[in-house]
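Worksheet: the structure to be examined is printed underneath.
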Amino acid sequence: MPVARRRFRAPRLLSLAALIAPLAMAQTAIKIDLAKPGIPLSPTLYGLMTEEINYSYDGGLYAELVRNRVFKDDDKAPVHWSVVQDAGGSAAIALDQRFPVADTALTTSLRLDAMHAAQGHRVGIANAGYWGIPVKPNTRYRASFYARTTNAGGVPLTVSIEGADGKTVYAQAEGGRINSEWKRYSVNLNTGAKVKPTTNARLVIATESPGTVWFNQVSLFPPTYRDRPNGNRVDLMQKLVDMKPAFLRFPGGNFLEGETVATRFKWKETLGPIEQRPGHRGTWGYRSSDGMGLLEFLEWCEDMGAEPVLAVFAGYALHGETIPGGPDLQPFVQEALDEIEYVTGDLSTKWGAQRARDGHPAPFKLRYVEIGNEDGFDKQKTYDGRYTQFHDAIRAKYPQLKLISTVNGKDWLSQQQKLTSRVPDLVDEHYYYSPMEMMNDAARYDSYERKGPKVFIGEWAAREGEPTTNLHSALADAAFMAGMERNADVVEMSCYAPLLVNANPGGMQWTSNLIGYDVQSSYGSPSYHMQKMFSNYLGNVSLPLHAEKVSTQSWQRPPNKETPLELPPVMQVPTMFFSATKSDQRREIYLKVVNAIGSAQTVQVDLTGAGKVAAQGKAIVLASAKKEDTNTIAEPTKVVPVTSEVKGLGKQFSYNFAPYSVTVLVLSTN
Ligand code: AHR
C-alpha cells in the first residue's frame, strides 16, 4: 500500500536563538515595526491540494451517491449491490460482459434475473451507496440508469430511495418500461417535508414482472453546488470556498503518478459524458470512476474563485517505473502540452475546441504547472533529464507559465536528487511531521536561502489525530503557517494535505486529514478552522516582528533513521509563535499568536512606528481545554473559533493568550 510511503523529514538545526529563552523567564514581548515597509504577501500563499485518496471524490466531494455505478469495482462480483426479493419474490444478480452499451465505456452490466415476480412480490437491485444513501426532507434526487430486457412485452420498473430494510419509502417514481434496446432512463425522486434525515437508506430499482433486465451506469445525484450537472456536494464545497483558497493543486499526489505508467491519471480519459470515461485503478486501493475529470477539476476551481495548479505526469510511476528523458518520453511531454492546451487554448486549438465541446468554451487562467510529484523517490534518479525535456517544451510553447520542480527543495525528499540543468520557478517541498517536530521546525524559513527559486510547500501537515487531526496538530500547523507569513518573500504558495477524508471505517487510507464527512454531513478539524482564520486575515504585507523571552518546552525527539545524529536528543521548542500582517485596504493589522501550552501566557505587544491604533478591536480565538480535543461527525463543533470584541488595545498593550490557543487579533488603524 502506498500508505507505507512515509518517511520525513529531517528537522534541521535552526537559528532559533532569537526566539528561544529558558523556561520561566520574564514576560514575553513582541515588537512589530510598522515604520519598515515589510514584505509583500503572495496572494497565492494559501491554496488547496487534492487527489483521489480517502474517498475524496467518489464517496466524497463528487456528489454521485451510487457506489460501483458501472460494476467494475470488482471483476467477479457486483460489490455494493444486492438483490431485492420481497414477499417471496425470487431473483438473482450477476455481472455480465456480453452486452456492452454501444459506443461507450460501459462494458460490464448488472443482470437481474427475475424468476418469480408478481404484484406484491417485487424483485430488483439495490445499492447502499458509500456507507449509506443520505435522505433529507424536501430534496430532489436525480436517478438515471441504462437498461435493456429480452422480454417481448418489456418490463416496467420503479425507482425508489428507501430504508435499508425496505420498510420505509422516502421517495419513489416510475422508471419507465424497459425494452430490448439499451436506453438511458432518468427520473426525479422527491422527498417530502416530513422525512427524517438518515443515512440508513438504499437506492432500489425494482419490478413486479418476471424476466431478465440488464443495467448499466446506475446513478443518483442529490442537489449539487451551483446546481452543476455531474457536480459536487454542497456542504463540502461551502467549506472549501470558506477557506478562500487562491489555488487548487491537482490531480495529485500519488494519484497523478499511478502505481504504474498505465494507471497514471490519463486526463484524456476523464473527459466528456461520464459514460465515455472508463475509470481506472487509483493509487489508494480503490477504483476511481473519474467522474471528477479534468474539466470538473477546473470547474471546481472556478466555483471557488481559485486558480488551477496543474500537475502533469512526468514519466515516473509510484512502483518505480520510469521513462527516462529521450524519445520515449516525448509522447508524455506531448500529453502535458495537450493538457495545457485543453485548459488554456482558444477555440482555434484542437484541445481548446474539445473543451468547448465538453461544455466550457472560455479558456481557464493557468499560471502554474508542476512537473511530476515527489520525484525524489525515483531510485533511478532520472528527474533531471525528464524535467529538462518537459521544461523546455512547455517554456517554448507557454513562456508565461511558472514551472515547479519536485526536487531541489530543502525538504528531505527533494534533496534525494538534484536538478542541475534547468532552474525552475518554484520548488515543491513536502513536510509531514508530528506536532512537536513541526513546532521545532516552524522557523525553518527564517533562515532559508534567499537566492534560489521560490518555495511551493505543496504538501504539509502535523499528523496527530485520525481520521482528522486534533488541536495539538492545529497549534503546530499554525506555528508553521506563521513562519510562512513571516517569510513571504520565499514562500510563494502552500497547501496542506490531504484535504478530505470519508470518516467511515474503511474510508481512510491516510491517517491525518483536514475535513471529515460521511454521506450526510461534514466537519472541519481544528486545523481547518485555524487555516480559515489565517486565510481570512491574511492581508497584503508581512510586518517585521521581533519576539523576546519566549518560553520553551523540552521535547525528546524520537529517533530518526535518516538523521540519527543531526539533532541532540532533547530539544527546547518555543511555546509561542507569531506573525503580524496588515491589510492596506482594510486598514487593519492582524496579529496571529499561537500559545502551544496548557497555561495562559501574557505577551507585551509594541507596535513601533504605528500611526493610530484603535483601542477597540476583535479577537478570533481557537482553543480548547486539552490539546487532544478534536472535532468529529458526532461532535462537529467541539473546537471552533470564537470571535469577541477586545478593548484596551493601542500602540502598546499586553494580552493574555488562552491555553492551547491560536488567536488572531484584529487591530484597526483607522
Ligand atoms: O498526501 C498524501 C500523499 O503524500 C501524496 O499522495 C503524496 O504526494 C505524498 O507522499
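Per residue, how much accessible surface does the stretch 528-670 expose to a 1.4 Å probe? Answer in Å², no decimals.
About 43 Å² of surface per residue is accessible.
If I take R0 = 56 Å and measure r between the Cβ atoms of GLN238 and VAL570 in this structure, what FRET efficiency does the formula 1/(1 + (r/R0)^6) give, to the nearest 0.05?
Working from the Cβ atoms, E equals 0.80.
Amide H neighbours of THR608 under 5 Å, at least 5 residues apart or on other chains, H built in the peptide plane: list them.
ILE32, LEU34
Accessible area per residue for the stretch 145-236 in Å², computed with a 1.4 Å probe and the full protein assembly in place, what is it?
44
Would you mind working out the magnitude of the charge dipole of the chain relative to its Cα centre, with +1 at each Lys and Arg C-beta and -1 at each Asp and Glu C-beta, to the nearest 20 Debye?
1000
Need one number: nm distance between label points at SER421 and ASP86, each 7 Å from Cα along Cα→Cβ, rounded to one decimal.
Going from the SER421 label point to the ASP86 one covers 6.7 nm.
Which residues does a label at ARG184 reach in the stretch 47-68, if reach means a backbone N under 17 Å from a point 7 Å past the Cα toward the Cβ?
Hits in the stretch 47-68 for ARG184 at 17 Å: 63-66.
Around TYR368, which amide H atoms from residues at least 5 apart in sequence, or from another chain, sit under 5 Å from its own amide H, with H modelled in the peptide plane?
LEU310, LYS402
In whole percent, and with a 1.4 Å probe on the protein chains, what portion of the accessible area of the stretch 194-310 is carbon and sulfur?
It is 52 percent, rounded to a whole number.
At SER348 and LYS266, where each label point lies 7 Å from the Cα along Cα→Cβ, what is the point-to-point distance in nanometres?
In this crude spin-label approximation the distance works out to 3.2 nm.
List every residue whose amide H lies under 5 Å from the amide H of TYR46, counting only residues 5 or more places away in sequence or on a different chain, with H placed 1.01 Å from N in the peptide plane.
ALA246, SER494
Applying the Karplus parametrisation 6.51 cos²θ - 1.76 cosθ + 1.60 with θ = phi - 60° to the phi angles of the stretch 629-643, what ³J(HN,Hα) value in whole Hz is obtained for each residue in order, glycine and proline being reported as x?
Those phi angles translate into 4, 7, 10, 9, 4, 6, 10, x, 10, 5, 10, 9, x, 10, 9 Hz.
Counting pairwise Cα distances across the stretch 578-617, what percent come out greater than 16 angstrom?
Result for the distance tail: 46 percent.
Work out how far the C-alpha atoms of the stretch 151-224 reach from end to end along every principal axis, then list the three figures in whole Å, largest first.
Sorted largest first, the three principal extents are 41, 28, 17 Å.
Regarding the stretch 51-143, what are the three Cα extents along the principal axes, ordered largest first, in Å?
Here the spans come out as 45, 38, 23 Å, largest first.
Taking the 0 to 90 degree range and rounding to the nearest ten, how far is the long axis of helix 330-344 tilted relative to the main principal axis of the chain, both from C-alpha atoms?
It is inclined by approximately 90 degrees.
Placing +1 at every Lys and Arg Cβ and -1 at every Asp and Glu Cβ, with all other atoms neutral, what dipole size does the stretch 253-368 have around its Cα centre, in debye to the nearest 20? Mind showing how you got there, number by number?
Working: 11 positive and 18 negative charges, 20 e Å.
Taking the Cα centre of the stretch 253-368 as origin, the dipole is about 100 debye.
Determine the order of SER56, SER186 by accessible area, beginning with the largest, at a probe radius of 1.4 Å. The partial results should precede the final answer.
Values: SER56 5, SER186 80 Å².
In descending accessible area the options line up as SER186, SER56.
Put a dot 7 Å past each Cα toward the Cβ at ASN200 and LYS618; how far apart are the dots in nm?
Each label point lies 7 Å from its Cα, and together they span 4.3 nm.
Where the eigenvalues come from the Cα gyration tensor of the chain, what are the semi-axes √(5λ) of the equivalent ellipsoid, largest first, in whole Å?
After scaling each eigenvalue by five and taking roots: 48, 30, 22 Å.
Which one of GLY120, PRO636, SER654 has its Cα pushed farthest toward the positive end of the charge dipole of the chain, where Lys and Arg give +1 and Asp and Glu give -1 at the Cβ?
Farthest towards the positive end: SER654.
For helix 471-486, what angle does its Cα long axis make with the longest principal axis of the chain, in degrees from 0 to 90 and rounded to 10?
Roughly 60 degrees, rounded to the nearest 10.
Treating the beta-carbon of each Lys and Arg as +1 and of each Asp and Glu as -1, no other charges, what is the dipole magnitude of the stretch 541-670 about its Cα centre, to the nearest 20 debye?
Working: 14 positive and 10 negative charges, 62 e Å.
Using Cβ point charges on Lys, Arg, Asp and Glu, the stretch 541-670 gives about 300 debye.
What's the FRET efficiency of GLN276 with LYS626 using the Cβ-Cβ distance as r and R₀ = 51 Å, to the nearest 0.05?
About 0.50, to the nearest 0.05.
For the stretch 323-387, which whole-number percentage of the solvent-accessible area (1.4 Å probe, protein heavy atoms only) is attributable to carbon and sulfur atoms?
Numbers: 1540 of 2710 Å².
Here carbon and sulfur together make up 57 percent of the probe-accessible area.
Specify the angular offset, from 0 to 90 degrees and rounded to the nearest 10, of the alpha carbon long axis of helix 294-304 from the longest principal axis of the alpha carbons in the chain.
Computed tilt is about 50 degrees.
The values are calculated or read from the model by the stated rules, or taken from the named source; none is laboratory data. What you are looking at is a predicted structure, and each value in this text was computed from that prediction instead of being measured. No Cβ is skipped: glycine too gets one built from the backbone with ideal geometry, and neighbour counts run over all protein chains shown. Please note that ligands, DNA and RNA were not included when accessible areas were found on the heavy atoms of the full protein model with its side chains. Shrake-Rupley method; radii C 1.70, N 1.55, O 1.52, S 1.80 Å.
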